[in-house]
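Every number here is computed from the coordinates shown, using simple stated rules; none is lab data. For clarity, every value in this text was computed on a predicted model and none was experimentally measured. Virtual Cβ from ideal backbone geometry, glycine too; neighbours counted across all protein chains shown.
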Amino acid sequence: MLFDHCAQCQRCCHVDPGFPALEITLTKQEKKGLGSVCVEGNCEHLGNAGCTLGDAKPFSCKLYPLAYNPKAKTYFFDTECPLMPAYQAQLADPGSEASTHLKQMDQAIQALSKADPFFLRANYRVDSYYFDLEPLERAEEAKKGRA
């Protein structure tokens, strides 16, 4: 499974020494339940098998390794994530884990664009500051580029 590697890697849940703490962007709803989540060293919610929050995992963490620019309505990905080559390749298969993840993120982002647009803008600001982002090429965009 594509995301099984995440529990071993845990790079996204870790801030290297000398780098500023990463304040995870939370939706209005998530703030009510979690208050705040700040990663200094390892995330406090990181267990041996990955995130211990289960379904309460913040949307910005679920979105990773993607970032979403709400102004341009485009996705980017963190070039440091070792999962990205496989993720990008899987987007050609509509039934793949990557395609399913992207569809779920699209649906959630559509809802958040109405319910909590501030979150989307704030999250992209954090992502673009913290991560080395490159545009995500969707399967249909890749086909157009080859035509």
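Observations
- Candidate set from the stretch 101-121 (those that are out of contact with any Ser or Thr (no Cβ under 7 Å at 6 or more places or on another chain), among the hydrophobic types (A, V, I, L, M, F, W, C) and within 13 Å of Asn69 (Cα to Cα)); member that is surrounded by the fewest Cβ atoms within 10 Å (Cβ to Cβ): Phe118
- Contact annotation: residue pairs with Cβ atoms under 7 Å, 6 or more positions apart or on different chains, pairing a residue in the stretch 103-117 that is free of Cβ contacts under 8 Å to residues at least 60 places away in the same chain with a partner that is surrounded by 15 or more Cβ atoms within 10 Å (Cβ to Cβ), are Met105/Leu63; Met105/Leu66; Ala108/Phe59; Ile109/Tyr68; Ile109/Leu120; Ser113/Pro70; Ser113/Leu120; Pro117/Pro70.
- Reported count of residues in the stretch 82-103, each being part of a loop (DSSP other than H, G, I, E, B) and touching a helix residue (DSSP H, G or I) at 6+ places or on another chain (Cβ under 7 Å), is 6.
- Every pair of residues 6+ apart whose Cβ atoms lie under 9 Å, when the first sits in the stretch 78-101 and is acidic (Asp, Glu) while the second is in a helix (DSSP H, G or I) and buried (at least 19 other Cβ atoms within 10 Å of the Cβ): Asp78/Cys12; Asp78/Asp127; Glu80/Cys12; Glu97/Tyr87; Glu97/Gln90
- First in the stretch 122-136 and surrounded by fewer than 19 Cβ atoms within 10 Å (Cβ to Cβ), second anywhere and polar (S, T, N, Q) and not in a helix (DSSP H, G or I), Cβ under 7 Å, 6 or more apart: Ala122/Thr25; Val126/Thr25; Asp132/Thr79; Glu134/Thr79; Pro135/Thr74
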